[in-house]
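Below is one structure; the comments refer to it alone.
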Amino acid sequence: MFNRSRIRPAAVLFLVFSFVPRADERLDAAMDAIVTRLYAEKSLDQLRSLTPEQVEPYLTPDIRDALATAYWQFDVNVPAVVSVMRHVKQQTAPSWLAEAGFTKTDLVVRNESCDYEVWQKRFEAGRVALGINGFDGHRFCYFVCVGSQTPGAEVRVSNVLPADPPIGRMDAGATTYTDWTELVLTEVPDALRGHVLLTTYRGRARECHLFGGFRETPFPSSDNPDQITLTWSENPKTTQAVLWRTNTSVANGTVRYREKAAPNVRAIDVRASLEPIDDRMLTNDRTSHRHTAVMRNLKPGTTYAYKVGESERNVWSEEYEFTTAPASGDAFSFVHLTDTHNREVAGKLLAAAYARESRPSLVTISGDLVDYGLHRDCWDKLFAYLGEPIARIPVIPSIGNHDDQDGLGPGTFLKQFALPSPNFEGLPAERACAIRYANALFLVIPIGLSVETIGAWLEQELAATDATWKFGIYHFPMYSTDPEYAGYYDKQESIWARVFDKYHLDFMLTGHTHNYERHKPIYGGKEVDSPNDGTVYLVSAPGHYSTFDIRGRELDFKTIDAKGNVTDTLTIKK
Ligand SMILES: [Fe+2]
């Protein structure tokens, strides 16, 4: 039996501390309290045109303290001067700055896009607590540097909360936003040079966004399932994942499926797992439920009928069909899209591709599925426009910079799809994956992770496969004629392209620039004549879709525009 007298002091301390919210949780709770009260007391129009005066009454002493101290915290080992670099184009300086005793100096810091004014305050050794960037969502949020008050003393910054982005040194050439490493400082005054630089990411501007931050979804959730989407999280021959959305009144989800050609066999029910998606700024449908179920032990090359819903209330979607991957087949088609950006045209393109005589078995999308990856209204548009085809053929999506927005991570993307995990050290779950379908291998390559680690993973997958056709799906164009991207992907080129050369990747499917380009096959960094000797790097664009018809060792590639014109073709025979 539990004996109270045996609790040791360390355990007591742990129990006490475990009830103190971390700074980031405290700030989040403060914003939640403000927004929840605003929803209760303001109309939609008032929310859309909020002013600082209207927000003022909601700032209780506790909330005000959280806003002024819980945004960014760290320890310094010596008495220090803390500098806050604030973009001069941000209309108003956050009010906590002057209230906390920071003073504006004459110093100016610059990068190619911004001038920053410098606010400073002296701190004793110990904890430094800083406030929010403001309610305005200003995207070039402030960053910080720390210097010693005593010349020569080494400054060490530790226990940084909430995040732990890289720590650098103030100097020309230094990166300040981890999600935009190419934007470097061009001008740093002598007084700040060598100070410890606390980098940040632009997405932090959104943490406390209130003015102009409220949105509405044109496709709110209901208690009927919608956004029904097929993906693969396991073997396409024997499993099928299905995801769908409901409102928060629906806590249970079930997929009910049966083999289509065996109508007398009893249907099987599989329970779904549930994940809420909370988008605080969505005025008309803040939280929705995403349900995910995986059907297993399926027969290869077999058509199944399924519906999703709630067995308790006997509420079901209409019935859809899917077909598992063939056991040993070598003929199939797929369709490729990119940069769909929650636009209606993407749905029209997919509908046209789906209506083809050689019906696609799957659809690949090489990133930027939506404009703003953390705005659920964008996803609601995407799913509404893509519509029913993705309830019948699985999607293989890769993450684009818009899906993993401003350094905030692809959290909402990951909740919308169930994908395999790479089982590779250094690669997080569902971010990189290899999917084998018939005689083809699809390698979904993530952005924003170590190029070296991905290179090692690509080598492992390509060395192990006996697939006839190999496709990479990646958002950024490794080769582009656009001068803006010259040299941008040199690292990927030097590491990944060598792996592609070694194992002969057939196609690298990319996007991002919104300019359609199909490069001549490339091997060893040079153009070659035959696709059998090099990799075809495709930069797709919105307004087009591409189809791949594979028959054994023959592949027919076509690109078709929104009017149905064939704009590009290529045939490969191995
Ligand atoms: Fe992009």
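The values are calculated or read from the model by the stated rules, or taken from the named source; none is laboratory data. If you're wondering where the values come from, they're calculated on a predicted model, not measured in any experiment. A quick note on method: Cβ atoms are made from the backbone with ideal geometry, for glycine too, and the neighbour counts reach across all protein chains shown. Ligands, DNA and RNA are excluded from the accessible area calculation, which covers all protein heavy atoms including side chains. Shrake-Rupley method; radii C 1.70, N 1.55, O 1.52, S 1.80 Å.
Of the residues in the stretch 73-87, how many are open to solvent by 10 Å² or more (accessible area, probe 1.4 Å) and closer than 15 Å to Thr103 by Cβ?
2
Kindly establish whether Ser494 is more than 16 Å from the ligand (Cβ to nearest atom) and small (Gly, Ala, Ser).
On the way: more than 16 Å from the ligand (Cβ to nearest atom): yes; small (Gly, Ala, Ser): yes.
When the stated conditions are applied, Ser494 passes them.
Failed condition for Ala262, given (1) at negative phi; (2) open to solvent by less than 30 Å² (accessible area, probe 1.4 Å); (3) in contact (Cβ under 8 Å) with a residue 12 or more places away in the chain, with all others met?
For Ala262, the failing item is (3).
Take Asp115 and decide whether it is within 34 Å of the chain's Cα centre (by Cα), open to solvent by 40 Å² or more (accessible area, probe 1.4 Å) and of a type in the set (Asp, Glu).
Numbers: within 34 Å of the chain's Cα centre (by Cα): yes; open to solvent by 40 Å² or more (accessible area, probe 1.4 Å): yes; of a type in the set (Asp, Glu): yes.
Taking the combined requirement at face value, the residue satisfies it.
Hey, any hits in the stretch 520-536 for a residue that's assigned to a strand (DSSP E or B), of a type in the set (Val, Ile, Thr) and under 16 Å from Asp339 (Cα atoms)? Lay out the reasoning, then the answer.
Here is the first cut: in the stretch 520-536, the residues assigned to a strand (DSSP E or B) are 522-523, 526-527, 535-536.
Next, from what is left, pick out any that are of a type in the set (Val, Ile, Thr): 522, 535-536.
Cutting the leftovers down to under 16 Å from Asp339 (Cα atoms) gives us none.
Within the stretch 520-536, not a single residue is assigned to a strand (DSSP E or B), of a type in the set (Val, Ile, Thr) and under 16 Å from Asp339 (Cα atoms).
Could you tell me whether Ala129 is of a type in the set (A, V, I, L, M, F, W, C), more than 30 Å from Ser49 (Cα to Cα), in contact (Cβ under 8 Å) with a residue 24 or more places away in the chain and part of a loop (DSSP other than H, G, I, E, B)? If you could, list the steps in order and put the result at the bottom.
Details: of a type in the set (A, V, I, L, M, F, W, C): yes; more than 30 Å from Ser49 (Cα to Cα): yes; in contact (Cβ under 8 Å) with a residue 24 or more places away in the chain: yes; part of a loop (DSSP other than H, G, I, E, B): no.
Considered against the rule, which asks whether it is of a type in the set (A, V, I, L, M, F, W, C), more than 30 Å from Ser49 (Cα to Cα), in contact (Cβ under 8 Å) with a residue 24 or more places away in the chain and part of a loop (DSSP other than H, G, I, E, B), Ala129 comes out as no.
Determine which member of the set Arg215, Arg206 is modelled with pLDDT under 95, surrounded by 15 or more Cβ atoms within 10 Å (Cβ to Cβ) and touching a Leu at 6+ places or on another chain (Cβ under 6 Å). So that I can check it myself, show each step before the final result.
Working: Arg206 fails: touching a Leu at 6+ places or on another chain (Cβ under 6 Å).
Going through Arg215, Arg206 in turn, just one is modelled with pLDDT under 95, surrounded by 15 or more Cβ atoms within 10 Å (Cβ to Cβ) and touching a Leu at 6+ places or on another chain (Cβ under 6 Å): Arg215.
What tally of residues in the stretch 160-194 results from selecting those that are at positive phi and in contact (Cβ under 8 Å) with a residue 24 or more places away in the chain?
1
If Val370 satisfies all but one of (1) open to solvent by 10 Å² or more (accessible area, probe 1.4 Å); (2) within 16 Å of the ligand (Cβ to nearest atom), what's the number of the condition it fails?
Among (1) open to solvent by 10 Å² or more (accessible area, probe 1.4 Å); (2) within 16 Å of the ligand (Cβ to nearest atom), the lone unmet condition for Val370 is (1).
Out of the residues in the stretch 36-54 meeting the condition of being closer than 13 Å to Gly212 by Cα, touching a residue at least 40 places away in the same chain (Cβ under 8 Å) and assigned to a helix (DSSP H, G or I), tell me which one is least open to solvent (accessible area, probe 1.4 Å). If you could, list the steps in order and put the result at the bottom.
The initial filter retains those residues of the stretch 36-54 that are closer than 13 Å to Gly212 by Cα, namely 44-52.
Remaining after also requiring touching a residue at least 40 places away in the same chain (Cβ under 8 Å): 44, 47-48, 50-52.
Narrowing the set further to residues that are assigned to a helix (DSSP H, G or I) leaves 44, 47-48, 52.
Details: Leu44: 65, Leu47: 4, Arg48: 116, Pro52: 73 Å².
Taking the candidates together, the pick is Leu47.
Is it the case that Ile435 is more than 15 Å from the ligand (Cβ to nearest atom), more than 18 Å from Asp179 (Cα to Cα) and crowded, with 24+ Cβ neighbours inside 10 Å?
Spelling it out, Ile435 is indeed more than 15 Å from the ligand (Cβ to nearest atom), more than 18 Å from Asp179 (Cα to Cα) and crowded, with 24+ Cβ neighbours inside 10 Å.
Against the condition in contact with a Lys or Arg (Cβ under 9 Å, 6 or more places away or on another chain) and part of a loop (DSSP other than H, G, I, E, B), how does Ala467 come out, does it pass?
On the way: in contact with a Lys or Arg (Cβ under 9 Å, 6 or more places away or on another chain): yes; part of a loop (DSSP other than H, G, I, E, B): yes.
For Ala467, the condition - in contact with a Lys or Arg (Cβ under 9 Å, 6 or more places away or on another chain) and part of a loop (DSSP other than H, G, I, E, B) - is met.
Does the stretch 381-390 include one or more residues that are among the β-branched types (Val, Ile, Thr), more than 23 Å from Arg245 (Cα to Cα), open to solvent by less than 10 Å² (accessible area, probe 1.4 Å) and modelled with pLDDT of 95 or more? Let's see the steps before the verdict.
Taking the stretch 381-390 as the starting set, the residues that turn out to be among the β-branched types (Val, Ile, Thr) are 390.
With more than 23 Å from Arg245 (Cα to Cα) added as a condition, the list becomes none.
No - not one qualifying residue is present in the stretch 381-390.
As an exercise: evaluate Ile445 against (1) within 16 Å of the ligand (Cβ to nearest atom); (2) over 20 Å from the mean Cα position of the chain (by Cα); (3) among the β-branched types (Val, Ile, Thr) and give the number of the one condition it does not meet.
Failing condition for Ile445: (2).
Condition first: at positive phi and open to solvent by less than 30 Å² (accessible area, probe 1.4 Å). Now tell me which residues in the stretch 438-477 satisfy that.
Of the residues in the stretch 438-477, the ones at positive phi are 438, 448.
Within the stretch 438-477, just Ala438 meets the criteria.
Scan the stretch 373-390 and tell me whether some residue there is within 15 Å of the ligand (Cβ to nearest atom) and within 29 Å of Pro165 (Cβ to Cβ).
Scanning the stretch 373-390, I find at least one residue that is within 15 Å of the ligand (Cβ to nearest atom) and within 29 Å of Pro165 (Cβ to Cβ), so the answer is yes.
Can you pull out every residue in the stretch 144-168 that is of a type in the set (Ser, Thr, Tyr) and open to solvent by less than 40 Å² (accessible area, probe 1.4 Å)? Explain how you work it out, then say what you get.
Step one: filter the stretch 144-168 for residues of a type in the set (Ser, Thr, Tyr), giving 148, 150, 158.
Passing the criteria: only Ser148.
Residue by residue through the stretch 88-119, note down the ones that are under 27 Å from Gly173 (Cα atoms), out of contact with any Lys or Arg (no Cβ under 9 Å at 6 or more places or on another chain) and either β-branched (Val, Ile, Thr) or in a strand (DSSP E or B) (or both).
Val88, Thr105, Asp106, Leu107, Val108, Val109, Arg110, Asn111
Hey, among the residues in the stretch 485-497 that are in contact (Cβ under 8 Å) with a residue 12 or more places away in the chain and surrounded by fewer than 21 Cβ atoms within 10 Å (Cβ to Cβ), which one's farthest from Phe424 (Cα to Cα)?
Top of the filtered list is Tyr485.
With respect to Ile454, determine if the residue is at pLDDT 95 or above and within 16 Å of the ligand (Cβ to nearest atom). Lay out the reasoning, then the answer.
On the way: at pLDDT 95 or above: yes; within 16 Å of the ligand (Cβ to nearest atom): no.
So Ile454 fails the test.
Filter the stretch 400-415 down to residues that are surrounded by 21 or more Cβ atoms within 10 Å (Cβ to Cβ) and in contact with a Lys or Arg (Cβ under 7 Å, 6 or more places away or on another chain) and give me whichever is modelled with the highest pLDDT.
Among those that are surrounded by 21 or more Cβ atoms within 10 Å (Cβ to Cβ) and in contact with a Lys or Arg (Cβ under 7 Å, 6 or more places away or on another chain), it is Thr412.
Name every residue in the stretch 343-367 that is among the charged types (D, E, K, R), assigned to a loop (DSSP other than H, G, I, E, B) and away from the ligand (no atom under 16 Å from the Cβ), in order of residue number. Don't jump to the end; show me each part of the working.
The first filter runs over the stretch 343-367 and keeps only residues among the charged types (D, E, K, R), leaving 343-344, 348, 356-357, 359.
Then keep just the ones that are assigned to a loop (DSSP other than H, G, I, E, B); that gives 343, 356-357, 359.
The answer is Arg356, Glu357, Arg359.
Any residue in the stretch 500-512 that is surrounded by 18 or more Cβ atoms within 10 Å (Cβ to Cβ), within 16 Å of the ligand (Cβ to nearest atom) and without any contact (Cβ under 8 Å) to a residue 40 or more places away in the chain?
Yes: the stretch 500-512 contains one or more residues that are surrounded by 18 or more Cβ atoms within 10 Å (Cβ to Cβ), within 16 Å of the ligand (Cβ to nearest atom) and without any contact (Cβ under 8 Å) to a residue 40 or more places away in the chain.
If you go through the stretch 353-364, how many residues are touching a residue at least 40 places away in the same chain (Cβ under 8 Å) and surrounded by 17 or more Cβ atoms within 10 Å (Cβ to Cβ)? Before you say what the answer is, go through the steps one by one.
Here is the first cut: in the stretch 353-364, the ones touching a residue at least 40 places away in the same chain (Cβ under 8 Å) are 353, 356, 358, 360-362, 364.
With the extra rule that they be surrounded by 17 or more Cβ atoms within 10 Å (Cβ to Cβ), the set shrinks to 353, 360-362, 364.
Within the stretch 353-364, residues that are touching a residue at least 40 places away in the same chain (Cβ under 8 Å) and surrounded by 17 or more Cβ atoms within 10 Å (Cβ to Cβ) number 5.
Output the residues belonging to the stretch 542-570 that are surrounded by fewer than 19 Cβ atoms within 10 Å (Cβ to Cβ) and outside any strand (DSSP E or B).
Gly543, Gly552, Arg553, Ala562, Lys563, Gly564, Asn565
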